[in-house]
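Note sheet for the following structure.
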Amino acid sequence: MAATVSTEQLEIQKEGVAPGVLTRAFHRLQERVRHPDHRRQLARLVAFGRPAAPTSETQADRDLAHDGVTFLRGYLAPDRAAQLRDLLSRFECQDPWKPERGLFRLEDAPAGTHVADIPAAPTLKALHDIAFDERLVEMAARYFGCRPYVDSIQAWWSLPGNSEPEEAENFHRDNDSVRFLKFFLYLTDVEDGDGPHNFVKGSHTDPKALDRRRLTNDEVEKAFGRERILSIKGRAGDAFMEDTFGVHKGQLPERGTRLLMQVRYSLTPSIFRSSVIVKGERPVVRREDSLLHVGG
């Protein structure tokens, strides 16, 4: 990746891209397959139809398989994280849970806003440079046993000033695809009061708490034990890759405003894919592996 962050905004080829009928149908099927062993078996069948993955396993791969998360401390140098934070600060936001509020500047976020999503995120070349980083793509490929789809790019602010958690600030399992990973990059320092991500170590393969609903803290502690709940803190530029079928949440911030970037790598296109297709340089992966480029 370049020494400085690109400020280029890629031209949009198509907006309002929606998943197809087959994608929606398969999503409904896979989200009903709840047991982790059954999901892995289904994923292996699907992987046979995708290009093969690299085979050289790393310690990060072993951590990801065993724990459901692996850490990439210092993924971005502090100055590059600051550049990326400044870039994202230029764009308007929206509340994904209350879209009727429309677009707003971060400093003008309506009272009660928990999450300020940045709709422009999947058009920014700087975020594409990260999403198509071959190290990340190949990590996902080894996890899936085949090449992944780069399904979505997102970025959002998590805001303090709220007394009760909302939506994904409660423990839950994601059901984005039959097998998927999410890359998370902190672009602000995240300590205890800043909304650290919480993840239950090893829960991605644990058949407890499989309900399709939000889970209370007490339910999670009772099912898995408090000692397995990781509170992931870090400096701006720290990152982690995670299987978010495992139980997790974004902790409700108490004081700090957290900025986070997310990339979804998926075995199949998800119904949550980025809704834009952009023009731009060919990514390092095969074009057909990208759902954000022409032909994806």
Exercise. Report, in whole Å, the centroid distance computed from the Cα atoms of the stretch 89-136 and the stretch 15-56.
Key: 27
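Below 8 Å, C-alpha to C-alpha, sequence gap of six or more: please give me the relative contact order for the chain in percent.
Numbers: 635 pairs, mean separation 91.1, N = 296.
In percent, rounded to a whole number, it is 31.
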Self-check item: Positive minus negative residues near Val5 (Lys, Arg vs Asp, Glu; Cβ under 15 Å)
Solution: -1
Quiz item: So which GluC sites (Glu not before Pro) in the stretch 52-118 end up in coil per DSSP with only 12 or fewer other C-beta atoms within 10 Å?
Solution: Glu57
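Quick one: which of Lys201/Lys222; Lys182/Lys208; Lys125/Lys279; Lys98/Lys182 span more than 19 angstrom between C-alpha atoms? Numbers along the way, then the final one.
Details: Lys201/Lys222 14 Å; Lys182/Lys208 21 Å; Lys125/Lys279 10 Å; Lys98/Lys182 24 Å.
In this structure, Lys182/Lys208; Lys98/Lys182 exceed 19 Å between Cα atoms.
Sort the following peptides by mean Cβ neighbour count (other Cβ atoms within 10 Å, averaged over residues), highest first: 253-260, 161-168.
On the way: 253-260: 17.9, 161-168: 13.4.
With the highest mean Cβ count within 10 Å placed first, the list reads 253-260, 161-168.
How many percent of DSSP beta bridges within the chain run antiparallel, rounded to 5?
Numbers: 43 of 45 bridges.
Percent antiparallel among DSSP bridges in the chain is about 95.
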Quiz item: aspartates and glutamates near Lys233 by alpha-carbon distance under 15 Å, same-chain residues fewer than 8 away left out - which ones?
Solution: Asp189, Glu191, Asp192, Asp194, Glu242, Glu254
Quiz item: Candidates (i) 7, 31, 39, 20, 3, 0; (ii) 7, 26, 31, 15, 5, 3, 4, 4, 3, 2, 1, 0; (iii) 6, 28, 38, 24, 4; which is the computed P(r) over Cα pairs in 10 Å bins from 0, in percent?
Solution: (iii)
Exercise. Pull out a ≥ b ≥ c, the square roots of the eigenvalues of the alpha-carbon gyration tensor of the stretch 1-107, then state rounded if a/c is under 1.5, prolate if not and a/b is larger than b/c, and oblate in the remaining case.
Key: oblate
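Read the figures in this text as sums done on the coordinates, not as results from a lab. What you see is a predicted model, and the numbers here were worked out from it, not measured in a lab. Heads up, the Cβs are rebuilt from the backbone with ideal geometry, glycines too, and the neighbour counts pull from every protein chain shown.
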